[in-house]
């Protein structure tokens, strides 16, 4: 992985997280969550695509297609999981 490819991947995944936050909204904590989810999803997708030699859309050493898909999957699933509220047990004695 070259430094320009790494920086391009960071730029794209940051853009994905920012766009997701633009449409879903929320406070600064949500924005940081979306950025982290986009970064982790993007680089996991990059790693999996490079290990399995999947060339959906490839730009240099960057497997852009799979990395983008996994980034958006992580964003969607992470957003969905963040909406779940855990209710405490009501123990009356």
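The values are calculated or read from the model by the stated rules, or taken from the named source; none is laboratory data. Just so it is clear, the model here is predicted, and its values are computed rather than measured. Backbone-built Cβ (ideal geometry, glycine too); neighbour counts: all protein chains shown.
Observations, loosely collected:
- Residue among 81, 37, 73, 15 that alone is out of contact with any strand residue (DSSP E or B) (no Cβ under 8 Å at 6 or more places or on another chain), in a helix (DSSP H, G or I) and at pLDDT below 95: 81
- For the stretch 5-58, the set of residues classified as buried (at least 19 other Cβ atoms within 10 Å of the Cβ) and over 12 Å from the mean Cα position of the chain (by Cα) consists of 49 only.
- Within the option set 20, 6, being without any contact (Cβ under 8 Å) to a residue 12 or more places away in the chain, in a helix (DSSP H, G or I) and within 17 Å of residue 70 (Cβ to Cβ) holds for one residue only, 6.
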